[in-house]
1. Of the listed peptides 239-250, 155-166, 138-149, 27-38, what is their order by residue-averaged count of other C-beta atoms within 10 Å, with the highest listed first?
2. Hey, how many Å between the Cα centroid of the stretch 12-47 and the Cα centroid of the stretch 99-166?
3. Assuming R0 = 30 Å, what is the FRET efficiency of residue 93 and residue 17, from their Cβ-Cβ distance, to the nearest 0.05?
4. Please work out the Cα convex hull volume for the stretch 149-194 and give it in Å³ per residue.
5. I'd like the FRET efficiency for residue 4 and residue 100, computed as 1/(1 + (r/R0)^6) with the beta carbon distance as r and R0 of 45 Å, rounded to 0.05.
6. Along its principal axes, what span do the Cα atoms of the stretch 96-235 show, with the longest given first and each in whole Å?
7. Which of 117, 276, 183 sits closest to the plus end of the dipole of the stretch 75-287, meaning its Cα is farthest towards the positive end, when Lys and Arg get +1 and Asp and Glu get -1 on the C-beta?
8. About its Cα centre, how strong a charge dipole does the stretch 2-66 have in debye, to the nearest 20, once Lys and Arg get +1 and Asp and Glu get -1 at the Cβ?
Amino acid sequence: MKIERWVHRGPEDRLPNVMASCDALNLTSRKQARRLIDEGCCSVNGHIEKLANTVVFSGDQVEVVIHDKQETSLEILYEDECLFILNKPAGMVVDPATIDQALGQKVYLVHRIDKDTSGLFVVAKNPKTQKYFEDKFRKREVKKGYLAVVDGKVQPSQGVIEKPLEKKEGESPRFGVSPSGKSATTFFRVVLSSHSASLLFLRPVTGRTHQLRVHMASLDHPILGDHRYASQFSSSWKAPRHLLHAWKIAFMHPDFERELSWTARIPSDMIAAIKALFGKGFRNKLCALSL
């Protein structure tokens, strides 16, 4: 991870132009600068800026974070004649065309995880298995466990969040807590914490879009790097994306008639954040967690 900070001394100008003029960033184009802005990697006077038309004035402090490249390949954890268990890198979209191309065959989606969320998801190889899983998800018989690095020290150490969610108006998909929304329930447990951040184990009972992200933001503990639901963080760690990982999944296999479970390795960007914020002894804490 590379961080560049400087005080703008020139005339007022748009943020991409100011970034392009910084030799230390070594940007090849203003398009690259706009991409960094879109990813929430740029701040002016301590406030994250997500708009390319942001104007920077003389005397403003600009900060740009450039992260190391992350894993980009889709990992197959398990395969049989009716399903795949996959470990998705952050940045990959879960849609039929993308997953079909990655696997080199036609598959059937049964659930999704956000583009910038890493970790486990299941795909079916045939419509019969797809229907089986759709029924299991509807009946809430698929168990899922996530790891999240969130802003601030979370107290109490465990609990349940029951807040209904609904989609908000606007161009970009965004959800919020509302009495008129759909019911949403999340169990949480603090694994490790410091004065500025916490590592949580989250178990969603329902599967609403952006549920974990909105629930944590509603407690004033947004997931680090989640610039859609938070504009500022008390933690100084600069996350390359929202630090949410679909870590565990368990369900009754459609053929074997017994419950099977899988765990996905934690991606390097989350490992780096966890080590920096909580120390190296976190793996023993994780071993005690189960669905």
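Quick note: the coordinates plus some simple rules give every number you see, no bench work behind them. Owing to the predicted nature of the structure, the values given are computational and were not obtained by experimental measurement. Ideal geometry is used to build each Cβ from the backbone, glycine not excepted, and the neighbour counts take in all protein chains shown.
1. 239-250, 138-149, 27-38, 155-166
2. 34
3. Numbers: r = 30 Å, r/R0 = 1.01.
The calculated FRET efficiency here is 0.50.
4. Working: hull volume 4.5 nm³, N = 46.
Hull volume over Cα atoms, normalised by residue count, gives 97 Å³.
5. Values: r = 40 Å, r/R0 = 0.88.
The calculated FRET efficiency here is 0.70.
6. Each principal axis gives a Cα extent; for the stretch 96-235 these are 48, 33, 32 Å.
7. Of the options given, the answer is 276.
8. Working: 9 positive and 9 negative charges, 40 e Å.
So the magnitude is around 200 debye.
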